[in-house]
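Inspection log for the structure reproduced underneath, given as structure tokens.
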Amino acid sequence: MAASILAVRGSKGLFLVNGPPSYQPHEGFHSTSADVKTCQTLMSVSVNDGKFLAWANTEQVFVVEVTTGKVVFEANAPKVAALLLSPGGSYLAAWQRHVACTIPGGLPNMHVWDVKNGKKLKELVQKKQILWCPQFTADEKVCARMASQEVHFFEDGNFETIAKKMHIQKVVDFSLSPVNKPPYHCAAYVPGTKGQPSFVRLYKYPYFEGQQSIVASKSFFKADRVSFFWNRKGTAVLVMAVVDVDSGNSSYYGEQKLYYLDAEGTSVAVSLSKNGPVYSVEWSPSSTEFCAIFGCIFLTCKTMRCILVSIFLACTSCLCSLACFPNSDCSHACQSSTFQHQV
């Protein structure tokens, strides 16, 4: 098993520390003087293997190879407010707060670099931080970003040419399946208006035109926003619909509902045995099961009800009755998160 390395931000800047049993500073990594002065560090890690770590201070952005501690990329980018390192560490995206100026549209405040050669691949204006973050497939072959009522797709690191557009009227959010080979899928969310339900549609990239291109669709009421949870194979996605304020005033956490969509066309509501918030959802590494933690916690200021943990089978044969039921329930426990063991 490879030794773990921890990234630590403190009053004197950013440090890499060896994990157990030594917990000693990483000998190959040296924090810059700018980190010590500003100490406003943002971090992002390549998600595939954790080989690279990106961070920013108020003056520059950096990428370091974690095992050696060597800085492999740096660029001047003042006042960066958000960072994203692509899954394999090939691309770095950064967002700065938009500043009004006399230039029509404003100065570019979103930037994408090639980490290997240091070249800036794209810069554009992205006024709002909400949904600024581009999304990559695990193999980095496809990248997508939210535009005005459109999702723009780029292929093979070419950010100058839009390879494909997904145009859905009033689309406000999307999620690209994080898989390392085709087929790729994309889920798009459109909120409901004037008595019309919200809906999520599942598409197979790059086919987005016409009703015949919709792989699966699920409509529902009562949603202010949604979160997407893909299985490892990218063949199914769980959608958590969230209402920030509970109309029945029974939960401080608002209301959450779970829905399941997959590449075979199945779209169902996940049946939960207890009312109350959904705290955490996690897929198993096999992509055939998922775990949900849900239920009310506080009834009064002095009493507490523990939450319920349920494990669900996710396959067409189990869902043919158009309802997703739990395969097993764990005992009540005062926990609000679930994690998977990567194998």
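If I ask for residues that are without any contact (Cβ under 8 Å) to a residue 40 or more places away in the chain and surrounded by 19 or more Cβ atoms within 10 Å (Cβ to Cβ), which ones from the range 159-198 would you list? Within the range 159-198, Val171, Phe174, Ala188, Val190 meet the criteria.
Of all residues in the range 121-130, none satisfies being open to solvent by 70 Å² or more (accessible area, probe 1.4 Å), within 23 Å of Ser213 (Cβ to Cβ) and of a type outside the set (Asp, Glu). Figure legend. Inter-residue proximity from the range 267-292: first residues closer than 19 Å to Gly234 by Cα, second residues acidic (Asp, Glu) and open to solvent by 40 Å² or more (accessible area, probe 1.4 Å), beta-carbon distance below 6 Å, spacing 6+ or different chains. Indicated pairs: Cys291/Glu282.
Taking only the range 1-55 into account, find how many residues are under 20 Å from the mean Cα position of the chain (by Cα) and modelled with pLDDT of 85 or more. Total meeting the criteria: 5. When Lys70, Lys79 are checked against the criterion of being closer than 25 Å to Gln129 by Cα, open to solvent by 40 Å² or more (accessible area, probe 1.4 Å), of a type outside the set (Phe, Trp, Tyr) and at pLDDT 80 or above, Lys79 stands alone in meeting it. Answer with yes or no whether Leu238 is over 18 Å from Phe290 (Cα atoms) and of a type in the set (A, V, I, L, M, F, W, C). So Leu238 fails the test. The set of residues in the range 10-32 that are open to solvent by 60 Å² or more (accessible area, probe 1.4 Å), out of contact with any strand residue (DSSP E or B) (no Cβ under 7 Å at 6 or more places or on another chain) and within 16 Å of Val64 (Cβ to Cβ) comprises Glu27, His30. Touching a Phe, Trp or Tyr at 6+ places or on another chain (Cβ under 7 Å) and assigned to a strand (DSSP E or B) - does that describe any residue in the range 122-129? Checking the range 122-129: at least one residue is touching a Phe, Trp or Tyr at 6+ places or on another chain (Cβ under 7 Å) and assigned to a strand (DSSP E or B).
Evaluation of Gly88 against the conditions (1) open to solvent by 40 Å² or more (accessible area, probe 1.4 Å); (2) closer than 25 Å to Ala147 by Cα; (3) out of contact with any Leu (no Cβ under 9 Å at 6 or more places or on another chain) shows that the sole unmet condition is (1).
If you go through the range 204-217 and keep only what is assigned to a strand (DSSP E or B), within 16 Å of Val142 (Cβ to Cβ) and open to solvent by less than 30 Å² (accessible area, probe 1.4 Å), you end up with nothing.
Residues of the range 96-121 that are in contact with a Cys (Cβ under 9 Å, 6 or more places away or on another chain) and part of a loop (DSSP other than H, G, I, E, B): Leu107 alone. Of the residues making up the range 154-203, those that are under 12 Å from Ala144 (Cβ atoms), part of a strand (DSSP E or B), touching a Lys or Arg at 6+ places or on another chain (Cβ under 9 Å) and among the small types (Gly, Ala, Ser) number 2.
The number of residues in the range 92-111 that are in contact (Cβ under 8 Å) with a residue 24 or more places away in the chain and out of contact with any Asp or Glu (no Cβ under 7 Å at 6 or more places or on another chain) comes to 6. Of the residues examined, Asn57 is one that is open to solvent by less than 40 Å² (accessible area, probe 1.4 Å), among the polar types (S, T, N, Q) and touching a Cys at 6+ places or on another chain (Cβ under 9 Å). Asn117 meets the conditions (1) open to solvent by 40 Å² or more (accessible area, probe 1.4 Å); (2) in contact (Cβ under 8 Å) with a residue 40 or more places away in the chain; (3) farther than 25 Å from Pro206 by Cα; (4) of a type outside the set (Ser, Thr, Tyr) in every case but one. The failed one is (2).
Residue selection: Val268 satisfies the criterion of being of a type in the set (Val, Ile, Thr), at pLDDT below 95 and touching a Lys or Arg at 6+ places or on another chain (Cβ under 8 Å).
The values are calculated or read from the model by the stated rules, or taken from the named source; none is laboratory data. Computed from a predicted structure; not experimentally measured. Note: ideal-geometry Cβ built from the backbone for every residue, glycine included; neighbour counts use all protein chains shown. All accessible areas refer to the heavy atoms of the entire protein, side chains included, with ligands and DNA or RNA removed. Shrake-Rupley method; radii C 1.70, N 1.55, O 1.52, S 1.80 Å.
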